[in-house]
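This report refers to the structure that appears directly beneath it.
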Amino acid sequence: MKRIFILVLLFFVSLSFGSSKKDTNKSNDKKEECREKKYCKDMKSCKEAIFHLEVCGNKKLDKDRDGIPCENICR
C-alpha cells in the first residue's frame, strides 16, 4: 500500500514538472519571436504587428500612440 502511494505521488510530481517545462519553452519561443522582428517593414500581417506591440512591448510600432501598430498594415 505504501509503495503504491509513493508511485502515485511520484507520478503526479513528474506531471507537474513536465508542464512547467512546456510553459518555459512557450515563453522562450515568444521571447525568440519578439527578437526576430522589430520594424513594421518586418511584419507580414496586422495580427503579427499587434502581437509585437502587445506581447513584446515594441512601442516603436505605434508612432502616434493610438493603439494601432503599423498603420500602413493595420487599416
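Structure summary
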{"read-out": "Point-to-point label distance, residue 45-residue 3, nm (Cα→Cβ direction, 7 Å offset)", "value": "5.4 nm"}
{"read-out": "Loop-resident sites, the range 26-56, for trypsin sites (Lys or Arg not before Pro), counting at most 16 other Cβ within 10 Å (DSSP)", "value": "38, 44"}
{"read-out": "Karplus 3J(HN,Hα) series, Hz, for the range 43-50 with 6.51 cos²θ - 1.76 cosθ + 1.60 (x for Gly, Pro)", "value": "7, 9, 8, 5, 4, 5, 5, 5"}
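Since every read-out is calculated from the coordinates, none of them should be taken as a lab result. In this text, all values refer to a predicted model and were calculated from it rather than measured experimentally. No Cβ is skipped: glycine too gets one built from the backbone with ideal geometry, and neighbour counts run over all protein chains shown.
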